[in-house]
Amino acid sequence: MKTSIESLPLPGFVRDVEVETGIDASGEEAVWVWIVVDKGTMTSLENKRAMKALREKIYEIFSDKAAGVLPYIRLRNPAGTTGQTLVNTGLS
């Protein structure tokens, strides 16, 4: 799945996509997909729409390749930048 996600065409404002596995708070195996964007990127309506489409593609990959696994898709700023980590900001 990691290869499938990393091979997706990404919007120009996405700097990186990182995939991590581990155990979530409920004790279940989980997958986190971190989408790295610069601070302030998600203030644009156009970028929010592009991010929503990307999230839907990621969910489709999981639906096809790992039915029953719902990934945690999160946003964060690049390492070394100041500011808050973004978590689903304006993406509902």
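The values are calculated or read from the model by the stated rules, or taken from the named source; none is laboratory data. What you are looking at is a predicted structure, and each value in this text was computed from that prediction instead of being measured. Here the Cβ positions follow ideal geometry from the backbone for every residue, glycine too, while neighbour counts run over all protein chains shown. We work out accessible area using only protein heavy atoms, side chains counted, and drop any ligands, DNA or RNA first. Shrake-Rupley method; radii C 1.70, N 1.55, O 1.52, S 1.80 Å.
For the range 3-15, give me each residue that is open to solvent by less than 70 Å² (accessible area, probe 1.4 Å) and in a strand (DSSP E or B).
Listed by number, the list holds a single entry, VAL14.
Can we say GLU20 is open to solvent by 60 Å² or more (accessible area, probe 1.4 Å) and in contact (Cβ under 8 Å) with a residue 12 or more places away in the chain?
Yes: the conditions hold for GLU20.
Tell me which of these SER44 doesn't satisfy, since it passes every other one: (1) under 20 Å from ALA79 (Cα atoms); (2) modelled with pLDDT of 90 or more; (3) open to solvent by 30 Å² or more (accessible area, probe 1.4 Å).
(1)
Name the one entry in ALA25, ALA67, ALA30, ALA79 that is open to solvent by less than 30 Å² (accessible area, probe 1.4 Å), over 13 Å from the mean Cα position of the chain (by Cα) and modelled with pLDDT under 95. Lay out the reasoning, then the answer.
Working: ALA25 fails: open to solvent by less than 30 Å² (accessible area, probe 1.4 Å); ALA67 fails: open to solvent by less than 30 Å² (accessible area, probe 1.4 Å); ALA79 fails: open to solvent by less than 30 Å² (accessible area, probe 1.4 Å).
After ruling out the rest, the residue left standing is ALA30.
From (1) under 18 Å from THR3 (Cα atoms); (2) modelled with pLDDT of 95 or more; (3) in contact with a Pro (Cβ under 6 Å, 6 or more places away or on another chain); (4) of a type outside the set (D, E, K, R), pick out the condition that doesn't hold for ILE35.
(3)
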